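**Q** Before I ask anything, let me first share the structure, which is written out below as structure tokens.
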Amino acid sequence: MVKICLDPGHGGTDPGALLGKRYEKDDVLRLALAVKPLLEAQGVGVVMTRTDDETIPSISERCQMANTAGCAYYLSLHRDAAGPAAHGVSLWVHSRANGPTVRKAQDILDELLAVVPTQDRGVQKGTPQNYENFGVNVYTTMASALLELGFITNADDNDRFDLYFDGYAEAVVRGLCKAVGVTYTAQDKPAEAPEEETVRIPTEELKAAYSALQAARDATGEAIEKIRMILGV
Ligand SMILES: [Zn+2]
């Protein structure tokens, strides 16, 4: 059985990036725990570097778990951090990653960008000027990538992460299946008991209301900026 290592970044005493009480370590663990059973349903074995909020002493120790288990692919899950405006999705591979490794990362990125539009920050190779190489791409003996699924420092990215969480989890699964050559099969949802009354969920209306709220928030921010400039405060 082909195996994949899922590595939810940080954990325990290392919260990763944060915004208020929202920690990167929690977001990525939640995602990994959602992806794991979906991958297993596709017949893929999953090795997790952590399954709860624990401290893992070193990056090389995480990689060793995958190397020892003979995993075919290693995906480290992270959320990015920068100023409040920065947003979007990227995957990082080793500076000397070969074509197939770049292709696998691109497949995962394409799946994620298809869930909901956001900035495509591309498949990035480490360079001496900009994160030489992430440890997960150095110490692993199989193809690997580090995913930055949106910025925890950007409100819209956090909304996307929460609202489209299930879609993102499924997208990661589709991308990973492609990466290890497993044909993805859509899984039937478990049968639900018939309801006495049909409740229509107005998805399109909710999306429209969400867009309107976003626009209103942006407009408020701009108005505050203008007043600040006029008052010089
Ligand atoms: Zn991180």
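The values are calculated or read from the model by the stated rules, or taken from the named source; none is laboratory data. Because the structure is predicted, anything quoted here is derived from the model rather than measured. Positions of Cβ are generated from backbone atoms using ideal geometry, with glycine treated the same way; all protein chains shown enter the neighbour counts. Ligands, DNA and RNA are stripped out before the accessible areas are found, and what is left, the full protein with its side chains, is counted by its heavy atoms. Shrake-Rupley method; radii C 1.70, N 1.55, O 1.52, S 1.80 Å.
**Q** Is one or more of the residues making up the stretch 18-25 within 16 Å of the ligand (Cβ to nearest atom) and part of a helix (DSSP H, G or I)?
**A** yes
**Q** Can you confirm whether the stretch 152-164 contains a residue that is among the charged types (D, E, K, R) and in a loop (DSSP other than H, G, I, E, B)?
**A** No; the residues of the stretch 152-164 include none that is among the charged types (D, E, K, R) and in a loop (DSSP other than H, G, I, E, B).
**Q** Please go through the stretch 67-114 and give me each residue that is within 16 Å of the ligand (Cβ to nearest atom) and acidic (Asp, Glu), ordered by number.
**A** The one that is within 16 Å of the ligand (Cβ to nearest atom) and acidic (Asp, Glu): 80.
**Q** From the list 27, 7, 14, exactly one residue is among the acidic types (Asp, Glu) and open to solvent by 20 Å² or more (accessible area, probe 1.4 Å). Which is it?
**A** 14
**Q** Now for a separate question. Among the residues of the stretch 36-56, how many are exposed (fewer than 15 other Cβ atoms within 10 Å of the Cβ) and assigned to a helix (DSSP H, G or I)?
**A** 3
**Q** While we're on this one: In the stretch 59-104, what residues are of a type in the set (S, T, N, Q) and assigned to a loop (DSSP other than H, G, I, E, B)?
**A** Selection gives 95, 98.
**Q** Of all residues in the stretch 179-198 being modelled with pLDDT of 80 or more and part of a loop (DSSP other than H, G, I, E, B), which is most open to solvent (accessible area, probe 1.4 Å)?
**A** 183
**Q** All but one of (1) open to solvent by 10 Å² or more (accessible area, probe 1.4 Å); (2) without any contact (Cβ under 8 Å) to a residue 60 or more places away in the chain; (3) in contact with a strand residue (DSSP E or B) (Cβ under 7 Å, 6 or more places away or on another chain) hold for residue 32; state the number of the condition that does not hold.
**A** (1)
Quick grid of which residues meet (1) buried (at least 18 other Cβ atoms within 10 Å of the Cβ); (2) more than 14 Å from the chain's Cα centre (by Cα); (3) of a type in the set (D, E, K, R):
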site: 58; (1), (2), (3): no, yes, no
site: 71; (1), (2), (3): yes, yes, no
site: 85; (1), (2), (3): no, yes, no
site: 108; (1), (2), (3): yes, no, no
site: 112; (1), (2), (3): yes, no, no
site: 140; (1), (2), (3): yes, yes, no
site: 160; (1), (2), (3): yes, no, yes
